[in-house]
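A short write-up of the structure that comes next.
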Amino acid sequence: MRPHLVFWISALVRILLILSGAAVCGYFWGMKVGLALGLIGMLGLVVMQLQYLLSLSDWLDNPSSARLPDGWGAWTEIFSRLYKLRRGDEKNQAELAEWLARFRQAMTLLPDGVVIMDDVMFLEWCNPIAEHHLGLDLKRDKGMRVTNLVRTPEFIDYIILGRYETPLTLSFRDRKLIVHIIPFENRRQILVTHDVTESERIDMMRRDFIANASHELRTPLTVINGFLEIASLQPDLEVSIRSSHLKLMVEQGVRMQRLVEDMLTLSRLESAEFQVRCERIDMHAMLRHILAEGQALSAGKHKIVLELDGPDLQGSPDEIRSAISNLVTNAIRYTPEEGQIKIVWKSGAQGPKLVVQDSGIGISAEHISRLTERFYRVDKSRSRETQGTGLGLAIVKHVLLRHNAQLLIESTPGVGSKFCVQFPVSRIVE
Ligand code: ADP
């Protein structure tokens, strides 16, 4: 049945009941009594309606479905319909709140910064990455103009020009950010920040590496080409001069080969797919072998001492051999004749330790932190003189990283250097 019909029928039934009750009383106890009782009944009905209206107005102040009063007659229908409406609203609100929470959660997981602003750039909301990229604090800065918070001329010019189709590359707080502004919903704008600091750094390293490698290869190639040109222009060159040219060409060829091999080793070590082989390394045998190679290189010009007291290791024998060999070769190359080189392999509380100590030319403090960079040399001419590629310590660093070991360098110019490799306890083979 239609609700307003129910309302009217139930109201009429109630009025009729009161009137007929009053008529029956009037029949038995006289007209006056009947009228009085009818009046009282009608008044009661009005008071009851007023009471329900009051409850309704009270409920409207805080319209929660749990607080809805019970009704009588037509009010039962009214209150039950209000209850259904309210429950529907509450469900929608709960769903909306859940969606909002999920949206915020998703925004916090984004790798990029997101700032929501109104049409005049007042901050409405931002995710934690945007706070980090732009130095914002949502609680503190909400409602403030973003151009007052990100105070760099490039950003302000970008906003003034409004050419948002091309992103802005912004250097801000030691970071390089790519900034996009996307208008949406007519009166709002989204600002997205993408941090490219790391990829730029890697790109720069790659560019530097290519430039350095080309430069390193160009020098021996120029020498070889020069001699080849002489040989082709002067076919009857004296045999002694020709053989000295050939000797120099072979030397430069060897240098190029060494350089290419070192570059290949580095790229292999850097490639993520190339896992460390885990084999037992007989450290004593390996170090004796390296000592023999060192003695051959030194040709009796240095005093080389080996002390063996450490355990065997778990790792890649080729990589560890190449790293230690680089350290020992450097010690010989950068130590003048009659100098001393000491190689020590020992156990320690923090794990086994390899020390390669020399009494060579030493390195001044400002160079020490940069020694493991590719092609970094303290003295370029000396490194070339001693057949260095400038990649040795970079290889050492990568090998040690792959074996969770650390390289510590101590050095005093004119006194000597000490290269310590600290291996973790987990690398020991019992
Ligand atoms: P290089 O092939 O030039 O020796 P490395 O990467 O092995 O390249 O070493 C980088 C630089 O560190 C060298 O050019 C040299 O200046 C310095 N260096 C390395 N080992 C020693 C050492 N034992 N004594 C003095 N200087 C050293």
Efficiency of FRET between Thr222 and Tyr83 - r from beta-carbon atoms, R0 60 angstrom, step 0.05: 0.05
Under the definition of Cα pairs under 8 Å and six or more residues apart, what whole-number percent is the relative contact order of the chain? 9
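List the residue ranges in the chain for DSSP H helices whose C-alpha atoms run 27 angstrom or more along the long axis and whose Kyte-Doolittle average is 1.0 or above.
On the way: long enough: 3-29 (39 Å, 1.62); 31-61 (45 Å, 1.27); 74-109 (53 Å, -0.67); 197-233 (52 Å, -0.09); 239-270 (46 Å, -0.02).
Once both thresholds are applied, what remains is 3-29, 31-61.
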When only C-alpha pairs under 8 Å and at least 6 residues apart count, what is the relative contact order of segment 275-430, in percent? 26
Accessible surface ranking that places the most exposed of Tyr27, Tyr376 first, with a 1.4 angstrom probe: Tyr27, Tyr376
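If you place +1 on the Cβ of every Lys and Arg and -1 on the Cβ of every Asp and Glu, how big does the dipole about the Cα centre of the chain come out, in debye to the nearest 20? Present the calculation step by step, with values, prior to reporting the outcome.
Working: 51 positive and 51 negative charges, 203 e Å.
Value, rounded to 20: 980 debye.
Want the number for His215 to Ala349: 0.36 nm per residue separation, take away the alpha-carbon distance, what's left? Write down the numbers at each step before the final one.
On the way: separation 134, 0.36 × 134 = 48.24 nm, distance 4.48 nm.
Stretched out fully, the His215 to Ala349 stretch lengthens by 43.8 nm.
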What the 10 Å binned alpha carbon P(r) of the chain shows, as percent of pairs per bin from 0, is 4, 13, 14, 12, 12, 11, 8, 6, 5, 5, 4, 4, 2, 1, 0, 0
Testing the spin-label approximation: label points 7 Å from Cα along Cα→Cβ at Phe122 and Ser369. State their distance in nm. 4.6
Mind ranking Phe423, Phe28, Phe227 by accessible surface for me, highest first, 1.4 Å probe? Phe28, Phe227, Phe423
Once you keep just the Cα pairs under 8 angstrom separated by 6 or more residues, what percentage relative contact order results for segment 3-100? 22
Segment 137-262 - Rg (one decimal) and Dmax (whole number), Cα, Å: 28.6, 87
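Report, to the nearest whole %, how much of the accessible area of segment 199-270 belongs to carbon and sulfur atoms, 1.4 Å probe, protein only.
Details: 3100 of 5000 Å².
Result for segment 199-270: 62 percent of the exposed heavy-atom area is carbon or sulfur.
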Tell me which of Ser199, Val425, Phe103 sits at the most positive position along the dipole axis of the chain, charges placed on C-beta atoms (Lys, Arg +1; Asp, Glu -1). Phe103
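Determine, from the Cβ-Cβ distance of Met31 and Leu5 and an R0 of 25 Å, the FRET efficiency 1/(1 + (r/R0)^6), rounded to the nearest 0.05.
On the way: r = 34 Å, r/R0 = 1.37.
Efficiency computed from Cβ-Cβ geometry: 0.15.
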Ile409/Lys303 FRET efficiency (R0 25 Å; Cβ-Cβ; nearest 0.05): 0.70
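Over all directions, the average projected area of the alpha-carbon convex hull for segment 3-100 comes to how many nm²?
On the way: hull surface 29.0 nm².
Dividing the Cα hull surface by four gives the mean projection, 7.2 nm².
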Which percent of the accessible area of segment 279-429 is formed by carbon and sulfur heavy atoms (probe 1.4 angstrom)? 49
Once the Cα gyration tensor of segment 253-329 is diagonalised, semi-axes √(5λ) in Å: 24, 21, 7
Normalized C-alpha radius of gyration of segment 199-270, against 2.2 N^0.38 Å? 1.50
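Taking the highest mean first, how do the peptides 355-367, 94-106, 154-166 order by number of other beta carbon atoms within 10 angstrom per residue?
Working: 355-367: 17.6, 94-106: 10.1, 154-166: 12.5.
My ranking of the peptides, most packed first, is 355-367, 154-166, 94-106.
Output the peptides 54-64, 115-125, 299-309 sorted from most to least packed, where packing is the average of other Cβ atoms within 10 Å over each peptide's residues.
Working: 54-64: 11.5, 115-125: 16.6, 299-309: 14.1.
Averaged packing, sorted descending, gives the order 115-125, 299-309, 54-64.
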Mind checking segment 213-269 for GluC sites (Glu not before Pro) that DSSP puts in a loop (not H, G, I, E or B) and that have at most 16 other Cβ atoms within 10 Å? Glu238
Between His289 and Gln49, the two model label points (7 Å from Cα along the beta-carbon direction) sit apart by a distance in nm of 10.7
Which whole-Hz couplings ³J(HN,Hα) result when phi for each residue of segment 116-132 is put into the Karplus expression 6.51 cos²θ - 1.76 cosθ + 1.60, θ = phi - 60°, listed in order with x for Gly and Pro? 9, 10, 7, 5, 9, 6, 7, 6, 9, 7, 8, 8, x, 5, 5, 4, 5
So, with points 7 Å from each Cα along the Cβ direction, the Glu98-Ser267 label distance in nm works out to 5.4
Go through Leu371, Thr76, Gln314 and say which Cα lies farthest out towards the positive end of the charge dipole of the chain; charges sit on Cβ, +1 for Lys and Arg, -1 for Asp and Glu. Thr76
Going from most exposed to least, what order do Ile332, Ile9, Ile15 have by accessible area with a 1.4 Å probe? Ile9, Ile15, Ile332
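Give me the extension gain from Asp157 to Arg382: residue separation times 0.36 nm, minus the current Cα-Cα distance, reported in nm with one decimal. Could you put the intermediate results ahead of the total?
Working: separation 225, 0.36 × 225 = 81.00 nm, distance 5.05 nm.
Extra length available between Asp157 and Arg382 comes to 75.9 nm.
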When the accessible area of segment 3-100 is computed with all protein chains present and a 1.4 Å probe, what percentage of it is carbon and sulfur? 72
Where does the chain land at 222 nm, in deg cm²/dmol rounded to the nearest 500, when only DSSP H runs of n ≥ 4 count, each adding -39500 (n - 2.57), divided by all residues? -19000 deg cm²/dmol
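The values are calculated or read from the model by the stated rules, or taken from the named source; none is laboratory data. Just so we're clear, the structure is a prediction, and the values are computed from it rather than from any experiment. Positions of Cβ are backbone-derived with ideal geometry, glycine not excepted, and every protein chain shown enters the neighbour counts. These accessible areas exclude ligands, DNA and RNA; they are computed on the full protein's heavy atoms, side chains included. Shrake-Rupley method; radii C 1.70, N 1.55, O 1.52, S 1.80 Å.
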